[in-house]
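A.B. asks: What follows is a single structure, and I will ask about it in a moment.
Bear in mind these aren't lab numbers, they're just calculated from the coordinates by the rules spelled out. The structure presented is a predicted model; accordingly, all values stated were derived computationally and were not measured. Cβ sites come from the backbone with ideal geometry, for glycine too, and all protein chains shown count toward neighbours.
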Amino acid sequence: MVFTSARRPRLRHGLLLLVLFALPGCSPREPGDRVVLITLDTLRFDAVEGGEGRPTAMPKLKAWGDASTTFDHCFSATSTTQPSHASMLTGLHPWQHGLTRNGQRLPAELETVAEHLKAAGWSTSAVVASFPLSAVFGFDQGFDHYDDHFDRGQPGTDWRGDAETVAHEDGEEDEDGGAQTPQRFYSLSDSIVDRALALLDDTDAPRQFLWFHFFDAHAPYGDTGDGPTVTPSQILDRAEEGENVEQAIAESHDLYDLDLRFLDQNLARLLERLDEQGDRYRTHVVILADHGESFGEDGSLAHGRRLTPGQIHVPCMIRSSLLELGHRSDVVGSIDVADTVLGLAGVDGSVGHGRDLTRPLDRPARAFGMRRTYRKPYLDRRLDGSVVVLDHNLFYLADRDGRIYRGNAGMLLAPEPGTALPEELQKQLSYLFTTFEDELAGRAPQELTDDETRKALESLGYTG
């Protein structure tokens, strides 16, 4: 056979590679290690698993979870974004890390899972989708790369904030010819996944911890489409005027599902890329929500003010060779994320007081959490027209059967109206909630009370 001169160099190169790989110490690169944490804002458990005649709104994620390890009884540390994410990253309850509402800063003296992994030689990167998780609040602790650029403003707001406080895009001229900068508060999943995929392609460290946060499920509902959007406050305004808002609630739930289908499609792009790179990295993926959302089941809308199943029962799933596939019934919570990430990474040590879910359960577990706090008494509007004053701390315990007990140092609430708690259980709960109250009292929150921060949070519906 005669080889042309154009083909001969390729043959020599291929033979050279074969010779090199046969030599001692010369071999293709061993697969690296990658742990990916994906947090989904405002995602109800039944939005993924389906329930009560409403099918899953995220069929791709459900199929992914069915081929992974799914925890059917996962409860969030709070029903609010910042405290729950602080618990995931530190392995501490809100009354321990001290961040109990949006607008506070994660204390720098606390160790995060990112800091622990970075100290162990891991590359650490994050892409987050909304202002409450921006670096100004300390969530960038331990990350080599922290992308908190937001490209969408909040519909209906005309506030144009400090460009140095929040990420922004191009502005427009005001009447005096100066530049006005429309404030950007969040990004949708198409943008987040695009940046996540670029990060996956650009990062070649042998050991990687990646955190990706998604905000699509959060109000305003419907902003992933081209049609109308709606917020819970708009529905509550109509309820206050005496309207029957059942249809409006149903329509808002449909728009919520619309946003979830958009998220589902984009999230699938990310999960597929992670699978495609399986020859380069041994990959472990943790997916869970920071909290859920109410659509009238408990007489309220949205999240952050109640400790009801719709707001604190969240989806949680892990895909890893270290875990058996299938559904698990043990109770888990937000504080279990940090040590589980370390377990998946094979890194010694612990962060906080959570469990490493890669290890066998040594005893039946419970989950604990609390309602967010308020700077001053907050008037919580309900769908029946009533207004409830929120002026006290409220903690919860989710028992092994998924039953939720709520209360504080001075009161206990039965799981169901009209039922009485056994005396021994009352003693246990009173002791626990008093202990939580004392721990919280011993922590001084780090408030970010400047006007720009407060206005940015209010634009996303976070008040008080």
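A.B. asks: Taking the Cα centre of the range 30-459 as the origin and placing charges on Cβ (Lys, Arg +1; Asp, Glu -1), which of Phe433, Phe143, Thr283 is farthest toward the positive end of the dipole?
C.D. replies: Phe433
A.B. asks: What number comes out for the charge environment of Thr69, summing +1 per Lys or Arg and -1 per Asp or Glu over other residues with Cβ under 15 Å away?
C.D. replies: On the way: positive: Lys62, Arg319, Arg328, Arg355, Arg359; negative: Glu49, Asp66, Asp72, Glu324, Asp330, Asp336, Asp356.
Here the count lands on -2.
A.B. asks: On to the next question. From the P(r) of the range 30-459, could you give the percentage of C-alpha pairs in the tail past 38 Å? Spell out each step's value before the answer.
C.D. replies: Values: 16459 of 92235 pairs.
For the range 30-459, the share of Cα pairs beyond 38 Å comes to 18 percent.
A.B. asks: Hey, if you put +1 on the Cβ of every Lys and Arg and -1 on every Asp and Glu Cβ in the range 394-434, which of Tyr405, Ala420, Leu394 ends up farthest toward the positive end of that dipole?
C.D. replies: Positive-most Cα among the choices belongs to Leu394.
A.B. asks: From the mean inverse distance of alpha carbon pairs (Kirkwood) and the Cα radius of gyration, derive Rg over Rh for the range 325-384.
C.D. replies: Working: Rg = 16.9 Å, Rh = 14.4 Å.
Rg/Rh for the range 325-384 comes to 1.17.
A.B. asks: If the cut-off is a Cα-Cα distance under 16 Å, which aspartates and glutamates reach Lys62, setting aside same-chain residues fewer than 8 apart in sequence?
C.D. replies: Asp46, Glu49, Asp72, Asp257, Asp259, Asp264, Glu272
A.B. asks: Treating the beta-carbon of each Lys and Arg as +1 and of each Asp and Glu as -1, no other charges, what is the dipole magnitude of the range 30-459 about its Cα centre, to the nearest 20 debye?
C.D. replies: On the way: 40 positive and 75 negative charges, 346 e Å.
Magnitude of the dipole: close to 1660 debye.
A.B. asks: State, as an integer percentage, the relative contact order of the range 30-459 based on alpha-carbon contacts under 8 Å between residues 6 or more apart.
C.D. replies: Working: 940 pairs, mean separation 116.8, N = 430.
For the range 30-459, the relative contact order is 27 percent.
A.B. asks: Between Asp151 and Arg29, what is the FRET efficiency for a Förster distance of 35 Å, r being their Cβ-Cβ separation, to the nearest 0.05?
C.D. replies: On the way: r = 36 Å, r/R0 = 1.01.
That gives a FRET efficiency of 0.50.
A.B. asks: Ranked from highest to lowest mean number of other Cβ atoms within 10 Å per residue, what is the order of the peptides 359-369, 118-128, 301-311, 204-214?
C.D. replies: The peptides rank, most packed first, as 301-311, 204-214, 118-128, 359-369.
A.B. asks: Under a plain spin-label model, where a point goes 7 Å from the Cα along Cα-to-Cβ, how far apart in nm are Asp226 and Arg400?
C.D. replies: 5.5 nm
A.B. asks: Provide Ile404, Ile192, Ile38 in ascending order of the number of other Cβ atoms located within 10 Å of each residue's Cβ, fewest first.
C.D. replies: On the way: Ile404 18, Ile192 26, Ile38 22.
Fewest-to-most ranking of Ile404, Ile192, Ile38: Ile404, Ile38, Ile192.
A.B. asks: Right, another one. Charges only on Cβ, +1 for Lys and Arg, -1 for Asp and Glu: so what's the dipole of the range 304-440 about the Cα centre, in debye to the nearest 20?
C.D. replies: On the way: 18 positive and 18 negative charges, 112 e Å.
Dipole size: approximately 540 debye.
A.B. asks: Okay, next question. Grab the beta carbon distance between Lys427 and Ala63, set R0 = 56 Å, and tell me the FRET efficiency rounded to 0.05. Working shown, then result.
C.D. replies: Details: r = 45 Å, r/R0 = 0.81.
Result of the calculation: an efficiency of 0.80.
A.B. asks: Report the gain in length on full extension from Leu322 to Ala108: 0.36 nm times residue separation, minus Cα-Cα distance, nm rounded to one decimal.
C.D. replies: Values: separation 214, 0.36 × 214 = 77.04 nm, distance 3.19 nm.
Net length gain for the segment: 73.8 nm.
A.B. asks: Please give the contour-minus-distance gain from Ala441 to Arg359: 0.36 nm per residue of separation, less the Cα-Cα distance, rounded to one decimal in nm. The partial results should precede the final answer.
C.D. replies: Values: separation 82, 0.36 × 82 = 29.52 nm, distance 3.33 nm.
Fully extending the segment from Ala441 to Arg359 adds 26.2 nm.
A.B. asks: Describe numerically, in nm with one decimal, the distance between label points set 7 Å from Cα along Cα→Cβ at Asn244 and at Asp201.
C.D. replies: Each label point lies 7 Å from its Cα, and together they span 5.4 nm.
A.B. asks: Which order, highest average first, do 147-153, 68-74 follow once you tally other Cβ atoms within 10 Å for each residue and take the mean per peptide? Please list the in-between numbers first.
C.D. replies: On the way: 147-153: 18.9, 68-74: 21.0.
Packing proxy ranking, top to bottom: 68-74, 147-153.
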